[in-house]
1. How many residues, within segment 233-278, are hydroxyl-bearing (Ser, Thr, Tyr) and in contact with a His (Cβ under 7 Å, 6 or more places away or on another chain)?
2. Restricting attention to segment 266-280, report how many residues are over 21 Å from the mean Cα position of the chain (by Cα) and surrounded by fewer than 18 Cβ atoms within 10 Å (Cβ to Cβ).
3. Can you name the number of the only condition in (1) in contact with a Lys or Arg (Cβ under 7 Å, 6 or more places away or on another chain); (2) more than 19 Å from GLY8 (Cα to Cα); (3) surrounded by 16 or more Cβ atoms within 10 Å (Cβ to Cβ) that ASP100 fails?
4. Tell me, which residue of segment 16-46 that is closer than 13 Å to HIS106 by Cβ and not β-branched (Val, Ile, Thr) is surrounded by the fewest Cβ atoms within 10 Å (Cβ to Cβ)?
5. For segment 214-234, give me each residue that is part of a loop (DSSP other than H, G, I, E, B) and not hydrophobic (A, V, I, L, M, F, W, C).
6. Would a scan of segment 240-261 turn up a residue that is assigned to a loop (DSSP other than H, G, I, E, B), basic (Lys, Arg) and at negative phi?
7. Applying the selection to segment 280-295, what residues are under 9 Å from ASP132 (Cα atoms) and either among the small types (Gly, Ala, Ser) or free of Cβ contacts under 8 Å to residues at least 24 places away in the same chain (or both)?
8. Can you tell me which condition THR167 does not meet? The list is (1) of a type in the set (Val, Ile, Thr); (2) surrounded by 21 or more Cβ atoms within 10 Å (Cβ to Cβ); (3) over 18 Å from the mean Cα position of the chain (by Cα); (4) not in a loop (DSSP other than H, G, I, E, B), and all the others hold.
Amino acid sequence: MRLLYLYGEEITGRRAREIHTLNRVLSLARCGVAVTLVTASQSDVISAKSELLKMSGGELSGIEFQSFSRQWKVGGIALKSSAYFYQQVGRWIQKQIPFDLVYGIHLKAAGFIKKTFPKLPFVFESHEVFADAFDCRSWRYRKLCTQEQSIYQKVDAVVATSQYLLTQLEKSFSIPQRRLISPNCAEPIFFEWDLDRGHSKELLYLGSFQHWKGLSNAIKAMRLLPEYHLTVIGGNEREIEGERKEAPANVRFLGFLSHLQVREFMEKASIALIPNRITPLNSLQTFPMKLVEYAAAGKKIVATDLPILKELQPGSWCSRVPADNPEAIAQAIREQSLRDQDPLEIRDWARAFQWISQAERIRLFLVE
């Protein structure tokens, strides 16, 4: 099977959707799918190939790479243009041996393929209802609803990250009958880290600083937990400075770190936090990759009571708290720190969420 994975953005090495895409490509290739990954290019040294080389230990059999610029110069001014990117992609596809199908997570990629190459099957992987990021009375909501409905009527199959998300898609749009649920997963490296170094008073937040991630609520909770210490990994300088102003002395910010750099702090922590908010609506539809990464590392978890937790049913090592409630976060942290929990049991739960096993399920789905 020859699969074209069409990713219409640059690779920065930082965004969750990039890490997800690179893991999906790598695991499909390891299941015997011949994958060509097409991305947007950029001027610095980061590329899809360099990132995958680090993730794979240097083994990239079955993967080919192609990139095209989104930089379109008008009168000496460089503008980013997705249309320019897809024009180049279209000319390139016409010169290739035909692909069996195209796979992607972007609406524009799906729209381009089904308009330009209507007979080429497109499998759309959905992570959210994009329109639900906006107020239902706004023009952006209406525009995205129309766009998403058009795309779902044209694509040939849908892969959703949870049953909850699939149900929301069914309520909102006419989606294809070919459907598969495939959750986010944890990279193998998380299953290799030491389980015996956790300190009961050490906490960890790993992720972005987007408003719906709820980091500010975790920071407020730390004012109620003076004897605990929270390490925050992620964010840029501007975002860190914004949160640091409100943070007590028992919170430290380390910025963005690589997986290898994260290891020391992940192993030292005993409890990890997922303090997500439940607005906008699309925040309810996400499958937090950190849930399975923390579990793979054997960490107890305090998380907002998201629909995905009801679906996955993690054990008592995962406390569920109401959204936007720092007091509940603090109470759950205290309770978890007193709970005697075997980290091997937590890790065993996470083994169902490994990229290679999910890739084999997707491979069989694509063949069908």
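1. As a first pass, look at segment 233-278 and keep what is hydroxyl-bearing (Ser, Thr, Tyr): 258, 270.
This time we only want the ones that are in contact with a His (Cβ under 7 Å, 6 or more places away or on another chain), so: 270.
Summing the residues that are hydroxyl-bearing (Ser, Thr, Tyr) and in contact with a His (Cβ under 7 Å, 6 or more places away or on another chain) in segment 233-278 gives 1.
2. 1
3. All conditions pass for ASP100, except number (3).
4. Within segment 16-46, the first condition is being closer than 13 Å to HIS106 by Cβ, and the residues that meet it are 17-18, 20-21, 38-40.
So of that shortlist, the ones also not β-branched (Val, Ile, Thr) come out as 17-18, 20, 40.
Details: ARG17: 13, GLU18: 19, HIS20: 19, ALA40: 21.
Applying the filter and picking the extreme gives ARG17.
5. Initially, segment 214-234 is screened for residues part of a loop (DSSP other than H, G, I, E, B), giving 214, 223-228, 234.
If the condition is that a residue be part of a loop (DSSP other than H, G, I, E, B) and not hydrophobic (A, V, I, L, M, F, W, C), then GLY214, ARG223, PRO226, GLU227, TYR228, GLY234 are the ones that fit.
6. Initially, segment 240-261 is screened for residues assigned to a loop (DSSP other than H, G, I, E, B), giving 245-250, 256-258.
Now restrict to residues that are basic (Lys, Arg): 245.
Filter again for at negative phi, leaving 245.
Yes: one or more hits.
7. Correct list: SER283 only.
8. Among (1) of a type in the set (Val, Ile, Thr); (2) surrounded by 21 or more Cβ atoms within 10 Å (Cβ to Cβ); (3) over 18 Å from the mean Cα position of the chain (by Cα); (4) not in a loop (DSSP other than H, G, I, E, B), the lone unmet condition for THR167 is (2).
The values are calculated or read from the model by the stated rules, or taken from the named source; none is laboratory data. All values derive from a computational prediction rather than experimental measurement. Reconstructed Cβ throughout: ideal geometry from the backbone, glycine too, with neighbour counts over all protein chains shown.
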